Every structure is written in structure tokens, then in C-alpha cells.
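Chemist: Structure provided below as C-alpha cells; questions to follow.
Nothing in this text is a laboratory measurement; each read-out follows from the coordinates by a stated rule. Not measured: the values here are computed from a predicted model.
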Amino acid sequence: MGNLMNISGNTYYINPNNWTLTTNLKDTEIYDNSTFRAMSMQLRPVDDMEKVLSTPIKLASKTYLDKAGNSVSLSDNAKIRVNDGFILTVTQNGVTVSGGNPNNDSAMQEAQDMAGALSKLLRNAGGTLKNLTASPSSYNKWSENISNVMRYIGIDTSKDFYVNGMRYTKDTNGNYISDETQRFKDAYEKLNTSIKAYMSSPVE
């Protein structure tokens, strides 16, 4: 119920309510919701983004579009023609943007947004990025960009679709979620429930 330290033979705990040391185990009880949220956020599993970005994306062996199955496989060097002549190129390090009119700032930004969103989706499909959920606004924007790039590919996002073997569906907020991310969320919810039960248990 608290972090444990042993100093000069005495046992000390961290009081999460004021971040001081205490020898009384009862002082490790959390008294208010704000403190609990702060502690639980520190325990929340998150992706190691340095590792995620340094790990090559696991791509398909060949590029293939299956409209009947609403599925697409994207391999290294796959090219997707998007808005205003811009081309997205899939690589193991991410998705790059080329072509188009470099003087059209809004079109360039739209293409770059789609490239960033697709990079994130491919990392998730490849298993190196578990969590797609960030702030609600950024998650909405990401889903919007995925809708756009999938439309250019020929994928119907109004129903379940597959990218490199990973299934994506819409959550209750209308954002795309993969089977991998759903497992991540389920594990976090299970952890959060366990923490709440542990924190509410009486201290003897």
C-alpha cells in the first residue's frame, strides 16, 4: 500500500498524500480522488516511445488490396497517391511524403497528417505500438486522417477493416481501435480495478 524502504534498520513508507516518509503503514492510505488519479497515472502502462520509434515497422511481404475482405497489406516501398498529387511512401521507419505542389501549404500539411497517422497505424498493426489513445482531440484527428488515407487506398472505414492483418473497428466515440489496442485497454482497466480494490482494502 506504499513504497517500502529500509534505512538503518527502520522500515519507512512513502505517504502518497504529502510525499513524505513515514514509519506508519496506515499513512500510506490514499484519502482523495485526485491523489489516487495521480498515483494511478504513474502506474499506467505506456509505450516506450523511444523504443517504438527506433524499432523498424513490421510490414507485409507484398502490397495487396482485397476489396472484398476490406483489407490491405502494405509492404516496404508501397506508394499511395493522395491529395493534389502527393505520394505517401511506406518504409520500415515510417511514411514519407513526396510529389505534389510544395507551395500549397494546406495540401502539404494534409498529406503530412495522413502520413503521420498511417505511420502510427502501421506501428500498431506491426505490434510495436500498443496504445493508440491519447487525448480525445488528438485521437479524433488521428481517426479523421486514417479515414482520409484509407479512402485513397480504397478501404471502407464505415465497417471493420484490416491493415497488415490487424483488424480495426470503431469504438463508442467513433474512433478506430485495433484488436491490439483493445487488449491493451482491457489490461489497463484490469490493473486499475486491482489498484482500486487494493487501495480500498483496510490496513491492519
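Chemist: Considering only Cα-Cα distances, which of the following residue pairs are longer than 20 Å: 62/170; 79/120; 62/141; 67/159?
Modeler: From the list (62/170; 79/120; 62/141; 67/159), the Cα-Cα distance tops 20 Å for 62/170; 62/141.
Chemist: Ok, one more. Can you list residues from other chains, or at least 5 along the same chain, whose modelled amide H is less than 5 Å from the amide H of residue 95?
Modeler: 119
Chemist: Here is a further query. Can you list the residues, at least 5 places off or on another chain, whose amide H is less than 5 Å from the amide H of residue 86, using H built in the peptide plane?
Modeler: HN-HN under 5 Å from residue 86: 100.
Chemist: If you don't mind, another one. Using the Karplus equation 6.51 cos²θ - 1.76 cosθ + 1.60 (θ = phi - 60°), what ³J(HN,Hα) coupling, rounded to whole Hz, does each residue of the stretch 69-78 give in order, writing x for Gly and Pro?
Modeler: Values, residue by residue: x, 6, 9, 9, 10, 10, 10, 4, 6, 5 Hz.
Chemist: Let me ask something else. Under the rule of at least 5 residues apart or a separate chain, name every residue whose amide H is placed under 5 Å from the amide H of residue 63.
Modeler: Correct list: 75.
Chemist: What are the ³J(HN,Hα) values, in whole Hz, obtained from phi via the Karplus relation 6.51 cos²θ - 1.76 cosθ + 1.60 with θ = phi - 60°, for each residue of the stretch 101-107 in sequence order, with x given for Gly and Pro?
Modeler: So the Karplus estimates, Gly and Pro as x, are 9, x, 7, 8, 4, 5, 5 Hz.
Chemist: Read phi for every residue in the stretch 147-160 and hand back ³J(HN,Hα) as whole Hz from Karplus 6.51 cos²θ - 1.76 cosθ + 1.60, θ = phi - 60°, with x for Gly and Pro.
Modeler: With coefficients 6.51, -1.76 and 1.60, one gets 4, 5, 5, 5, 5, 5, 6, x, 9, 8, 8, 6, 9, 3 Hz.
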